Structures are given as structure tokens and as C-alpha cells.
Amino acid sequence: MGFIEDVKLTLLLTRNYGDQMYEKSFHLPSVKQTARELVSGITTTLAAASESTDIPTRKLQVASTRAELAELKRLAESCSALQQAGLEEAELQVLRIERETEFLEQQMIARRNQEGRDLEKQGLIKEAIAAYENLVAKMADTPFTYRRLAILYRKLKSFDNEIRILRAALSNVSKSNRKHYDWFKARLLKIESSALANEEIQAA
């Protein structure tokens, strides 16, 4: 579990209260129990996210943790008799898991791109396309993936698929990656212009 074991979330009472004491319609013992349940859920989910090797699962668990942390904060803010302790530490753990997940995702994308390239070199084009398409389905942002797919579909004269991939590239590849983004945009414009010209010639 590593750093997950260091996550300690508690809600501390900042003043004494009686059994009948209410704060903004909240019964303090009930609030405390709810808080404990949230703490338990957060700790369990963080541990599961840290141990999982499945990227989508890690992302879902992190999202769930963020929602539980937000609820815990809302609960404490609604009842001024409670003070949050350890929430900042938990948020740091969430950030660390997000960074780890991003690193694992980039490693997976790199492996899959290399797999696709190796398959191309072996002449296994359909298999290479499948490897790249798997990344497109995951909305990878690596220009290499889309460029290779666009080129392969062009060679196969599968223009509908090439157009689909170019459009996906424009959606998923960062605009800040100007060189590649402009290549996808120019290629798509060229294909669509050519298709429009053909339609006009056939209609004449």
C-alpha cells in the first residue's frame, strides 16, 4: 500500500457538545458517523486505485475519491462544530495517483504504438491497424497513432476511414502540437475538397 497507509482522515470536535446540540439542523453524532463512513470509503478507494494496474479502473476510483472528498468538505463546512484534519494529505495522495496513472497510460500508449509499427514492418497491416485503432478508441493524444493510421488507410484507399481518423486526430491531438495538428487539418481539407469536386463533376 505504501503511501496509502499514510492517509489519515478524521473529523475532530472543536468544542464540547451535548446530546441535544444541533448545528444548522445537523445532529453532531450523526454527522460524525457520516464523516467516518466517508473516510472509510476514501481510504479504501485510494488503496484500490493505487494497487490497480487497469488504467480506466484507476481513473474511475480517483473520480470517486474526489467526489467523496468534496462531500466530506461540504459536510464539515455545513457544521462549524467540526474541523477537517488530513484532507489536504488525502488530496495530495489523489494527485500522486493521478500522476502515476498518467505515466502508466503513456507507457501503454508507447508500447501499443511500437507494437503497431513492428507489425507494419512485418507486413501485417490489418494487425497494425487494429493496434492503432485500439488507441484511437481510448482517445490517445499521440500524433504518431493517427498519422500512421491515416497513411495506412490511404494506401488501402479506404478514404472514409482516413477521414474518420483525421477528424479524431483533430479532436484528440493538442492544438499546441502545431506541426502535427496542421498536418491533419491540411490533409482532411484536401480529401474533403477532392470529394466535393468529384461530387460536382458527377452532378454536372
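The values are calculated or read from the model by the stated rules, or taken from the named source; none is laboratory data. Fair warning: this is a prediction, and the values are worked out from it, not measured in the lab. In this analysis, Cβ positions are derived from the backbone assuming ideal geometry, glycine residues included, and neighbour counts consider all displayed protein chains.
Details
- From 120, 105, residue being among the acidic types (Asp, Glu), buried (at least 18 other Cβ atoms within 10 Å of the Cβ) and closer than 30 Å to residue 53 by Cβ: 120
- Inter-residue pairs, beta-carbon under 9 Å, first within 15 Å of residue 135 (Cβ to Cβ) and in the stretch 168-187, second of a type in the set (Asp, Glu) and modelled with pLDDT of 90 or more, 6+ apart: 172/141; 173/141
- Pairs are defined by a Cβ separation below 7 Å, a sequence spacing of at least 6 or placement on different chains, a first member in the stretch 92-112 that is within 14 Å of residue 142 (Cα to Cα), and a second member that is modelled with pLDDT under 85 and assigned to a helix (DSSP H, G or I); the pairs so defined are 105/55; 108/55.
- Candidate set: the stretch 133-158, residues that are more than 25 Å from the chain's Cα centre (by Cα) and part of a helix (DSSP H, G or I); chosen: the one nearest to residue 177 (Cα to Cα): 151
- Of 90, 130, all but one fail to be more than 14 Å from the chain's Cα centre (by Cα), hydrophobic (A, V, I, L, M, F, W, C), in a helix (DSSP H, G or I) and closer than 14 Å to residue 145 by Cα; the exception is 130.
- Check on residue 171, exposed (fewer than 12 other Cβ atoms within 10 Å of the Cβ), at pLDDT below 90 and part of a helix (DSSP H, G or I): no
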